[in-house]
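Novice: After the structure tokens below, expect a handful of questions from me.
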Amino acid sequence: MQLIQPQVIHDVIAAGISAGADFVDVFVERTFNDGMVFKNSRVEDSQSGTLFGIGIRLIHDEQALYGYTNSTDREELLRITNLLGARINGKGKDLTLNFEKLSYPKIPTMLDKEVDAKYKLSYLKNIDERLRKDSKVSQVMLNFTKKKQLIEVYNSEGLFATEERPYIRLFHHLVMKDGNLQTEAFYGPGAIGGWEFIEKLNTEEVCENLLKQATTTLYASPCPAGKMPVVIDNGFGGVIFHEACGHLLETTSVEKKASVFWNKMGEQIAHSAVTALDDGTIAGAWGSLSIDDEGMPTQRTTLIENGILKNFISDRLGELKTGHKRTGSARRQSYKYAPASRMRNTFIQSGEYELAELIGAVPNGIYAKKMGGGSVDPSTGQFNFSVQEAYLIEDGKITKPVKGATLIGTGPDIMSKISMVGKDLQLMAGMCGSVSGSIPTTVGQPPIKVDEILVGGQA
Amino acid sequence: MKQLMEKVINQITDQKAEADLMFSSAKTLKMSAQKNTISTYNVSSSQILGVRVIKDGRVGLSYTESLDDESLKLLVKQALQNAETTEVNAHERILDLAGTLQDELFLPEEEVSIALKTEKALLLENGVKKLDHRVTAVPYNSYSEQDYLSHYLSSRGRFTTYRDKSYTITSSAVMDEKGKKSNYYDFHMAHVFKDLNFQKVIDTALFHSRNLLQEKTLPTGKYNIRFTEDSLQSLFNCFSNFYSAKSAMDQVNPWTNHLGTEVISKDLSIIDHPLFERSFRTSKFDSEGVQRKPLSLIEDGVLKSFYHNSVTANHYKAQTTGHAARSASSPLGVYGTDLLIKGKNVKPLPKKYLEVIKMDGLHSGANRVTGAFSVAVKGYIWERGERVGTFGNITLSGKFMDLLRQVEVTGTDLLSSTDESFFSVPLMFYDISIAGSN
């Protein structure tokens, strides 16, 4: 059953075209959210909710007009459409549409097994008990979220596409204390799928890693400051590519010339060791989609090949404004946002080196085992990242743990300084905030060696 | 809306449960410009209703954006089901408050034509571009307005209404000179259209972006730092858990056991002031319908109080301070209102210091449990009262609590953040770690 009467959608799209729009699309969304917060060794919050709304977009020349409402009422939807249409100085035309349902290859998910609340609770209690066996653990916070997003996309070309997207994530947050020393550790795996994903996590290993990370940083010395080589390990280390380069390749920035790479297509923008992809088709991956939020089947897109810029991440408006073909990358947090070109699962492809070889190539520097988050100003390419778990490298060997490291620099500069790429690619789930809201994305990379980067630590 | 909320409350009390409801709705208009045309034009109307039920001491939450009968029944059913999955919480109750409270700020104004709004929205782009040929883009520019309404209704009979209209404008300037790039962003907010200061936003974005083109790194070392009020506000907001009784309950507040002790410089006092006359928007009551009043958090360096809602107050056998925070789709928490940083024992400015005007990466570069932070900063170099240079490409690191000990007060006037929700006397922080060139 469709979320709204197709005839109503037809009338809305026809009204937009009649007002002079070149193109109209309608995004209908119903999302069921379910969450449980386990804290202080008990369920602190249990919450569920339903979001529902409709987003209407009119495109005329390079202008995008967008409106949304929670109402399915035909008159309200037409009122919004006419309000948007009044902004267009174009000649309208009549339109009759027969929507044709799009068939497309479905990206496999990790199924969507339902379990009852008691089962979830016993699972979370088990993690809590395992972590609290270490007497230094002062708090454990587990945030379980599950979301089922049903979307429908209609447009003035007669497209009707629908997708059901199940998301699941379990966020672990551990606080450790010893006298006046205090630290924390995080781990937040997520996937497109259901409880099967959670069951496949190796709880023992997850707990061990969290405890090890917290213990290491609890007693770590302050990180030295200055420019030095840095080896960044796999998995969430990929946030550096996501921030330092990925955002700069979205046509959302390119179209405004607000990216330092806007005119670099076909040019060497990274070290020849770097090949990077944005792939929406990985089975079960947190940032995968079968279709994007404009109803286009998603793709595996090569962004950089041996250092040469090959593709931008593009959506309909991006193609219209820059000429770079759509890549199935139109994404948004919800109907409250117009779609924009955004990353999906973005990573640097595997290279030829073992981690030990990368470490061995650094006389003195930093090994960033686990990265935190970061941000970038696409217009200048300047980025910053925090490092959650780091160690000194002395004479090509990992020595003592250090804390409080931040990495800063510019995208073009760091991309040219990634001189060695390791073998062991790993992907990690994260949330990415930008112009069309906060969306699930995967970051990833094998271990990489950056020849020089400014490390912010204690002077 | 009150009738609909009462209907939902009645469905819940029929199930021998207590409840409170949060409703909010917003109507917005937003425009931004590219290439001297309005490139995006967004209009919206949205609403959401959230419920917190307490049955047999167990709390369940649910929310919906659809307000038809079927959705409302599902809302109640889900909240009651969720309550069954939680454990008994002896501290969480619906407050025994009744009566109606209103906090509406709709200042009278003449109707503004869409043509004028459009003209001004375009100015936020072309006004920047025409003033300096080095401007290559104005990626962040927007005109937006919002009508916001929220209601709270409890099964004990408390009903509140909060409403306002606000306007926000933003602009930025990306500049390029011989391959060197800079960007600065500014904004302004007002309650009536005619109070929007378009030229101030344009001039501020251009002024700082021009100066940042000259930015140079600094040698790694210890420096004297002055933060602009916006930068200082970011730091205080980032570590707001230090004042939170909820964070104390959750063992993530490093000042948990420090009530009554000196935690920062005794020259400083910090007040949470929901009714401060210079605030952009005062706030008369919290999300449990409790009337607000000023709260002394720190007096002469001594920690005096935490922010409390009724749950944390019950836990610590204290009184709620009117800092309950909750949206329709979030659980009950605590949050502060507007902060006033007052100071005494005024000292002269040092001969040389750095002024931080831009701070990036606080969201990921701060540890809220330990107070440690490391962020990328930009700003100006001051010597003997004159601005002598611009710095960038460096990081500043430290610990929030240490920062507030390595401080001197350098003036008596309360200076405001751009959003007029944070006010501080001028402060100078000494011996702060900067990482730059080796």
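The values are calculated or read from the model by the stated rules, or taken from the named source; none is laboratory data. Note that the coordinates shown come from a computational prediction; the quantities given were computed from them, not determined experimentally. As a convention, Cβ positions derive from the backbone with ideal geometry for all residues, glycine included, and neighbour counts pool all protein chains shown. Accessible surface areas use protein heavy atoms only, side chains included; no ligands, DNA or RNA. Shrake-Rupley method; radii C 1.70, N 1.55, O 1.52, S 1.80 Å.
Novice: Just the residues that are among the small types (Gly, Ala, Ser) and facing chain B (nearest Cβ under 7 Å), please, taken from the range A:372-391.
Specialist: The answer is A:372, A:373, A:374, A:375, A:379, A:386.
Novice: What tally of residues in the range B:361-376 results from selecting those that are assigned to a strand (DSSP E or B) and under 20 Å from the mean Cα position of the chain (by Cα)?
Specialist: 3
Matching residues to (1) aliphatic (A, V, I, L, M); (2) closer than 23 Å to residue B:151 by Cβ; (3) assigned to a loop (DSSP other than H, G, I, E, B):
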position: B:47; (1), (2), (3): no, yes, no
position: B:77; (1), (2), (3): no, yes, no
position: B:103; (1), (2), (3): no, yes, no
position: B:118; (1), (2), (3): no, no, no
position: B:124; (1), (2), (3): yes, no, no
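Novice: Across the range A:123-172, which residue is farthest from the chain's Cα centre (by Cα) among those that are of a type in the set (Asp, Glu) and under 22 Å from residue A:188 (Cβ atoms)?
Specialist: The residue in question is A:134.
Novice: Is there a residue in the range B:137-146 that is open to solvent by 40 Å² or more (accessible area, probe 1.4 Å), closer than 30 Å to residue B:211 by Cβ and within 13 Å of chain A (Cβ to nearest Cβ)?
Specialist: For the range B:137-146, residues open to solvent by 40 Å² or more (accessible area, probe 1.4 Å), closer than 30 Å to residue B:211 by Cβ and within 13 Å of chain A (Cβ to nearest Cβ): present.
Novice: Output the residues belonging to the range A:51-63 that are open to solvent by 10 Å² or more (accessible area, probe 1.4 Å) and at the interface with chain B (Cβ under 7 Å from one of its Cβ atoms).
Specialist: Once the filter is applied, which keeps residues that are open to solvent by 10 Å² or more (accessible area, probe 1.4 Å) and at the interface with chain B (Cβ under 7 Å from one of its Cβ atoms), the range A:51-63 yields A:51, A:62, A:63.
Novice: Let me ask you something else. Let me confirm something: among A:287, A:318, which residue is buried (at least 24 other Cβ atoms within 10 Å of the Cβ) and assigned to a helix (DSSP H, G or I)?
Specialist: The conditions single out A:318.
Novice: Only one of B:358, B:342, B:347 is surrounded by fewer than 17 Cβ atoms within 10 Å (Cβ to Cβ) and either within 19 Å of the chain's Cα centre (by Cα) or in contact (Cβ under 8 Å) with a residue 60 or more places away in the chain (or both); which?
Specialist: Residue meeting the stated conditions: B:347.
Novice: If residue B:217 meets every condition in (1) at pLDDT 95 or above; (2) in contact with a strand residue (DSSP E or B) (Cβ under 8 Å, 6 or more places away or on another chain) apart from one, which number is that one?
Specialist: Just one mismatch for residue B:217, condition (1).
Novice: Look at the range B:148-178 and say how many of its residues are within 19 Å of residue B:211 (Cβ to Cβ) and assigned to a strand (DSSP E or B).
Specialist: 7
Novice: Keeping to the range A:89-106, report how many residues are open to solvent by 30 Å² or more (accessible area, probe 1.4 Å) and either facing another protein chain (nearest Cβ under 10 Å) or out of contact with any strand residue (DSSP E or B) (no Cβ under 6 Å at 6 or more places or on another chain) (or both).
Specialist: Qualifying residue count, the range A:89-106: 12.
Novice: Another question, then. Just to be sure, is residue A:416 modelled with pLDDT of 90 or more and within 26 Å of residue A:262 (Cα to Cα)?
Specialist: For residue A:416, the condition - modelled with pLDDT of 90 or more and within 26 Å of residue A:262 (Cα to Cα) - is met.
Novice: Tally time: how many residues in the range A:51-110 are in a strand (DSSP E or B), at pLDDT below 95 and among the basic types (Lys, Arg)?
Specialist: Total meeting the criteria: 1.
Novice: Here is a check on your reading of the model: is residue B:395 open to solvent by 20 Å² or more (accessible area, probe 1.4 Å) and touching a residue at least 12 places away in the same chain (Cβ under 8 Å)?
Specialist: Taking the combined requirement at face value, the residue does not satisfy it.
Novice: Just for the range A:392-414: of the residues that are in contact (Cβ under 8 Å) with a residue 60 or more places away in the chain and open to solvent by 10 Å² or more (accessible area, probe 1.4 Å), which one is nearest to the other protein chains (Cβ to nearest Cβ)?
Specialist: The qualifying residue nearest to the other protein chains (Cβ to nearest Cβ) is A:404.
Novice: Any chance you could count how many residues in the range A:377-391 are in contact (Cβ under 8 Å) with a residue 12 or more places away in the chain, part of a strand (DSSP E or B) and either under 20 Å from the mean Cα position of the chain (by Cα) or over 15 Å from residue A:362 (Cα atoms) (or both)?
Specialist: 8
Novice: While we're on this one: Among the residues of the range A:71-83 satisfying the criterion of being buried (at least 22 other Cβ atoms within 10 Å of the Cβ) and closer than 21 Å to residue B:24 by Cα, which is nearest to the other protein chains (Cβ to nearest Cβ)?
Specialist: Checking each candidate, the answer is A:80.
Novice: Could I ask something else about it? Of all residues in the range A:19-47, which are more than 9 Å from chain B (Cβ to nearest Cβ), open to solvent by 10 Å² or more (accessible area, probe 1.4 Å) and hydrophobic (A, V, I, L, M, F, W, C)?
Specialist: Passing the criteria: A:19, A:23, A:32.
Novice: Oh, and also: Keeping to the range B:52-75, report how many residues are more than 9 Å from every other protein chain (Cβ to nearest Cβ), open to solvent by 10 Å² or more (accessible area, probe 1.4 Å) and over 26 Å from residue A:125 (Cβ atoms).
Specialist: Number of matching residues: 4.
Novice: Any idea which residue in the range A:255-271 is nearest to the other protein chains (Cβ to nearest Cβ), counting only those that are within 18 Å of residue A:346 (Cα to Cα) and open to solvent by 10 Å² or more (accessible area, probe 1.4 Å)?
Specialist: A:269
Novice: For the range B:179-218, name all the residues that are in a strand (DSSP E or B), under 20 Å from residue A:256 (Cβ atoms) and out of contact with any Phe, Trp or Tyr (no Cβ under 7 Å at 6 or more places or on another chain).
Specialist: B:180, B:181, B:182, B:183, B:184, B:186, B:187 - these are the residues of the range B:179-218 that are in a strand (DSSP E or B), under 20 Å from residue A:256 (Cβ atoms) and out of contact with any Phe, Trp or Tyr (no Cβ under 7 Å at 6 or more places or on another chain).
Novice: Would you check which residues across the range A:415-441 are open to solvent by 50 Å² or more (accessible area, probe 1.4 Å), assigned to a strand (DSSP E or B), within 13 Å of chain B (Cβ to nearest Cβ) and in contact with a Ser or Thr (Cβ under 6 Å, 6 or more places away or on another chain) and list them?
Specialist: Matches in the range A:415-441: A:431 only.
Condition check ((1) part of a strand (DSSP E or B); (2) under 29 Å from residue B:282 (Cβ atoms)) across all residues:
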site	(1), (2)
B:52	yes, yes
B:70	no, no
B:73	no, no
B:94	no, yes
B:100	yes, yes
B:128	no, no
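Novice: Looking at this structure, is residue A:86 surrounded by fewer than 14 Cβ atoms within 10 Å (Cβ to Cβ), of a type in the set (A, V, I, L, M, F, W, C) and out of contact with any Leu (no Cβ under 8 Å at 6 or more places or on another chain)?
Specialist: The answer is yes for residue A:86.
Novice: Can you list the strands (runs of 3 or more DSSP E) found entirely within the range B:398-438 that contain at least 3 residues being surrounded by fewer than 22 Cβ atoms within 10 Å (Cβ to Cβ)?
Specialist: Output list reads B:407-409, B:427-435.
Novice: What's the total number of residues in the range B:302-324 that are of a type outside the set (Val, Ile, Thr) and open to solvent by 30 Å² or more (accessible area, probe 1.4 Å)?
Specialist: Counting residues in the range B:302-324 that are of a type outside the set (Val, Ile, Thr) and open to solvent by 30 Å² or more (accessible area, probe 1.4 Å) gives 7.
A quick yes/no check of all residues on (1) in contact (Cβ under 8 Å) with a residue 24 or more places away in the chain; (2) more than 27 Å from the chain's Cα centre (by Cα); (3) open to solvent by less than 80 Å² (accessible area, probe 1.4 Å):
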residue	(1), (2), (3)
B:87	yes, yes, yes
B:90	yes, yes, yes
B:93	yes, yes, no
B:97	yes, yes, yes
B:106	yes, no, no
B:111	no, yes, no
B:115	no, yes, yes
B:125	yes, no, yes
B:133	no, yes, no
